[in-house]
Amino acid sequence: MATHISKGALVQRINGLLAQKHEMVRKTKQGKWHNDLGDYYIIDFDHNVVIEKHVDLVKKAKELGVIN
C-alpha cells in the first residue's frame, strides 16, 4: 500500500542524506531564477554553487533510497 509523503517531508529526508556531503535541496522562489533552476535545485553549501537543477523530488528520493 502506498503512503503519501508531503513535499516538505520529502525535502527533509533528502536533505538528511545530502547533508553528509554538504549539499542541500532548495526550493526556488518565483522570479527570475525559476526558469533556470526549476522548482527545486541542489546546492553545495561549502562552495555555494548549484550542482543540480530541475530536481524531481520523488526521483531523487528513490535514487538516494529514502523512499521505495
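What follows is calculated from the coordinates using simple rules that are stated; it is not laboratory data. From a predicted model like this one, the values you see are computed outputs, not experimental measurements. Quick reminder, even Gly has a Cβ in these numbers, built from the backbone with ideal geometry, and neighbours come from all protein chains shown.
Can you name the residue in segment 33-60 that is more than 11 Å from the chain's Cα centre (by Cα) and of a type in the set (D, E, K, R) and, of all such residues, is surrounded by the most Cβ atoms within 10 Å (Cβ to Cβ)? Taking the candidates together, the pick is 44.
Would you call residue 64 touching a residue at least 40 places away in the same chain (Cβ under 8 Å) and either among the polar types (S, T, N, Q) or out of contact with any Cys (no Cβ under 7 Å at 6 or more places or on another chain) (or both)? Yes: the conditions hold for residue 64. Among residues of segment 10-21 that are more than 20 Å from residue 46 (Cβ to Cβ), those with a beta-carbon under 7 Å from a residue that is part of a helix (DSSP H, G or I) at least six positions away or on a different chain give the pairs 10/57; 10/61; 13/61. Tell me which residues, restricted to segment 1-16, are part of a loop (DSSP other than H, G, I, E, B) and among the polar types (S, T, N, Q). Within segment 1-16, 3, 6 meet the criteria.
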